[in-house]
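J.: Take a look at this one; I'll ask things after.
The values are calculated or read from the model by the stated rules, or taken from the named source; none is laboratory data. This one's a predicted model, so the numbers in the text were calculated from it and none came from an experiment. With ideal geometry, Cβ positions are generated from the backbone for all residues, glycine too; neighbour counts draw on all protein chains shown.
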Amino acid sequence: MKIREINLVQFRNYERLTLRPKDGINLFFGKNGSGKTNLLEAIHYCALGKSHRINNDQNAIMNGYREASCALDIQGRLSGFHIRLKLQPEEAVKKSVWIDQKKVRKFSEMMGCFQCVIFSPEDLGLIREGPAVRRRFLDMMISQVNRKYFIALQQYRAAMEQRNAILRLCRQTGRKPDPAVEDFEAIMVSSAMTVTEERNRYAGMLTEKAAETYSAISGQDREVFSMLYHSFLKDRDDPESEYQKQLRESREDDIRQGITTCGPHRDDLVFMLNRRNMKLYSSQGQIRTAALGIKLSQLNILQEISGDSPVLLLDDVMSELDKGRRMRLLEKIGNTQTFITCSDESDLDEFSESRVYDVYSEDGKGYIRETGMKQETETEQITDPDFT
């Protein structure tokens, strides 16, 4: 899978940008705040319909404008296609997606069309921070290649929100739960079975590949990396009946707290190095290597399942790796189309075969030019009948 063209309109600090990257490594060099990460964020939007770093889409729109769009022309293994995402936070339909000029009805329809894997400094939180970060990583990974999982996850979350609303109302009024709570619990149970089963399956695949990748990047054969998926239904003979029972028996406590206290929204991944919890015992370098190994393993898994290589996005991570790890990373990337951002010129040393772009900002607007050609990348005016 290769990106042939990127088009941004009023996205972050890019008023209008057209960029045609190369198939291999594309390296974006510039000062902090120039707009390097914004470009990767736009690619991520087109893969998953959301940012990898913000929850409020309004922040992705250029100051002074009410809407923005990002679009990709993509060459897949069998054919080419076009994805365009439009952000309109102030409108009734706040976000919409077109695939080959046809508007999709549900976001589940875009899952799996285009896949990317991103690694940024924030991903060190996979090991350092709480379970929510790790669940989000698993959810985003699986959703890219498993629409059934994405739909089940959405159904589970929606039903849980309804159950929580009923519980909070009971806490406020002192009344017993509405009988409808059982209907929402039934939806939660059904969708939870899919969510936990798929998480456990993908975590198993990650464990196998990440152990090998960690060793390859670190160069330390004596450091054995592994991970464990901790599910609230682990080792249950009849998980469906067990979850029904847990929801029923926890209602009184849940009413007092106003939330659902059991379910896959409380699961976790635990990362181990030589059988010790990395969050407690590992060094900064070990954590960084593990996080990168996990992401590269994700890349391999998505490629095996889809039959096409995802696009790899590496955001300001090269300065965190020594020369040996950089070279081993490049070996693992292979022929994957890769977008790398950096702000230190020394980070360019190992990339003799890459296309290098200069990213800079003038009057608050972002620009990109290919340094090899000593000219600005095209920023042609884009005719868009859907834009006012």
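J.: Among the numbered criteria (1) closer than 27 Å to N300 by Cα; (2) in contact (Cβ under 8 Å) with a residue 40 or more places away in the chain, which one does R201 miss?
T.: Looking at each condition in turn, R201 falls short on (2).
J.: So is L72 closer than 20 Å to K95 by Cβ, touching a residue at least 12 places away in the same chain (Cβ under 8 Å) and in a strand (DSSP E or B) or not?
T.: Yes; evaluated as a whole, the condition is true for this residue.
Quick grid of which residues meet (1) modelled with pLDDT under 95; (2) surrounded by 15 or more Cβ atoms within 10 Å (Cβ to Cβ); (3) within 30 Å of I287 (Cα to Cα):
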position	(1), (2), (3)
S108	yes, yes, no
R147	yes, yes, no
E161	no, no, no
A186	no, no, no
Y202	yes, yes, yes
T207	yes, yes, yes
T213	yes, yes, yes
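J.: Could you check K106 against (1) touching a helix residue (DSSP H, G or I) at 6+ places or on another chain (Cβ under 9 Å); (2) in contact (Cβ under 8 Å) with a residue 12 or more places away in the chain and say which number it fails?
T.: With (1) touching a helix residue (DSSP H, G or I) at 6+ places or on another chain (Cβ under 9 Å); (2) in contact (Cβ under 8 Å) with a residue 12 or more places away in the chain applied to K106, the lone miss is (2).
J.: Now a separate question. Looking at L247, L273, L313, L302, can you tell me which residue is closer than 27 Å to R201 by Cβ, touching a helix residue (DSSP H, G or I) at 6+ places or on another chain (Cβ under 8 Å), modelled with pLDDT of 90 or more and outside the structural domain of S218 (by TED's automatic domain parsing)? Don't jump to the end; show me each part of the working.
T.: Values: L247 fails: outside the structural domain of S218 (by TED's automatic domain parsing); L273 fails: outside the structural domain of S218 (by TED's automatic domain parsing); L302 fails: outside the structural domain of S218 (by TED's automatic domain parsing).
On inspection, the qualifying residue turns out to be L313.
J.: Could you list, in sequence order, all residues of segment 1-59 that are surrounded by fewer than 22 Cβ atoms within 10 Å (Cβ to Cβ), hydroxyl-bearing (S, T, Y) and in contact with a Leu (Cβ under 9 Å, 6 or more places away or on another chain)?
T.: T18
J.: If a residue must be among the small types (G, A, S) and either farther than 22 Å from D139 by Cβ or outside the structural domain of I294 (by TED's automatic domain parsing) (or both), how many such residues does segment 223-244 contain? Reasoning before the result, please.
T.: Start the filter on segment 223-244 by keeping residues that are among the small types (G, A, S), which leaves 226, 231, 241.
From the residues that got through so far, the ones that are either farther than 22 Å from D139 by Cβ or outside the structural domain of I294 (by TED's automatic domain parsing) (or both) too are 241.
Final tally of qualifying residues: 1.
J.: Quick check on R175: is it in contact with a Leu (Cβ under 8 Å, 6 or more places away or on another chain), loosely packed, with under 15 Cβ neighbours inside 10 Å and over 30 Å from R328 (Cα atoms)?
T.: For R175, the condition - in contact with a Leu (Cβ under 8 Å, 6 or more places away or on another chain), loosely packed, with under 15 Cβ neighbours inside 10 Å and over 30 Å from R328 (Cα atoms) - is met.
J.: State all residues of segment 256-310 that are at positive phi and exposed (fewer than 15 other Cβ atoms within 10 Å of the Cβ); if no residue qualifies, say none.
T.: Matches in segment 256-310: G258, N274, R275, G307.
J.: N55 is checked against (1) in the same structural domain as R355 (by TED's automatic domain parsing); (2) touching a residue at least 12 places away in the same chain (Cβ under 8 Å); (3) under 16 Å from the mean Cα position of the chain (by Cα) and fails just one. What number does that condition carry?
T.: Tallying (1) in the same structural domain as R355 (by TED's automatic domain parsing); (2) touching a residue at least 12 places away in the same chain (Cβ under 8 Å); (3) under 16 Å from the mean Cα position of the chain (by Cα), N55 fails exactly one: (2).
J.: State whether one or more residues within segment 123-144 are touching a strand residue (DSSP E or B) at 6+ places or on another chain (Cβ under 7 Å) and assigned to a loop (DSSP other than H, G, I, E, B).
T.: no
J.: Take Y65 and tell me if it is surrounded by 22 or more Cβ atoms within 10 Å (Cβ to Cβ), outside the structural domain of R199 (by TED's automatic domain parsing), free of Cβ contacts under 8 Å to residues at least 60 places away in the same chain and among the hydroxyl-bearing types (S, T, Y). Reasoning before the result, please.
T.: Working: surrounded by 22 or more Cβ atoms within 10 Å (Cβ to Cβ): no; outside the structural domain of R199 (by TED's automatic domain parsing): yes; free of Cβ contacts under 8 Å to residues at least 60 places away in the same chain: yes; among the hydroxyl-bearing types (S, T, Y): yes.
Taking the combined requirement at face value, the residue does not satisfy it.
J.: Also, quick follow-up: Here are the criteria: (1) in contact (Cβ under 8 Å) with a residue 40 or more places away in the chain; (2) more than 18 Å from the chain's Cα centre (by Cα). Tell me which single one I3 does not satisfy.
T.: The single condition I3 does not satisfy is (2).
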